[in-house]
Amino acid sequence: MNTQKYQKISISIYKYLLISVSIFFLIANVVLAQTYDADQAARDLARGSPIDRPEKVFLVLKKILQWTYTIFFIMAVYFLLLAAFTYLSASGNPEKIKAASSQLLWGMVAIAVALISVGAAAIIRGFLTP
């Protein structure tokens, strides 16, 4: 009996919640609707951007890939050291050895992602440069 009562109450709460959210978005669209100049908005957005010429896209992409490369190599070293410590402290415990193997695998995955991020720059530049 109580479960049916709670189900009815929860259904009515969901209905009221759905109605109130719908009304909120309808009102928000009317209240927040403004006319604006799209060209001016684009200029405002581009002001202070490091990309002022199409050639600068490669510089930004290069920075992103350098950060990705560095972060993934740091993660790889961390996982490899963690795996080594887990292997040393396993003392024949099969669960710890399995955990160390998993950590070693993820360390190798991090190295692979880092190396792929370096190669991705050359691949993207090859597609974008005529």
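All of the numbers you see were taken from the coordinates with simple rules; none came from a lab. Quantities reported herein were computed from a predicted structural model and do not represent experimental measurements. A quick note on method: Cβ atoms are made from the backbone with ideal geometry, for glycine too, and the neighbour counts reach across all protein chains shown.
Note: segment 52-128, Cα convex hull, 64 Å³ per residue.
Hey, rough spin-label estimate for Val21 and Arg47, points 7 angstrom out along Cα→Cβ, what's it come to in nanometres? Reported label-point gap for Val21 and Arg47 is 3.7 nm.
Sequence-ordered 3J(HN,Hα) estimates for segment 62-78 from the Karplus curve with 6.51, -1.76 and 1.60 and θ = phi - 60° stand at 4, 4, 4, 5, 5, 5, 4, 4, 5, 4, 5, 5, 5, 5, 5, 4, 4 Hz, glycine and proline given as x. Remark: spin-label model distance Tyr14-Ser101 equals 4.4 nm, labels positioned 7 Å along the Cα→Cβ axis.
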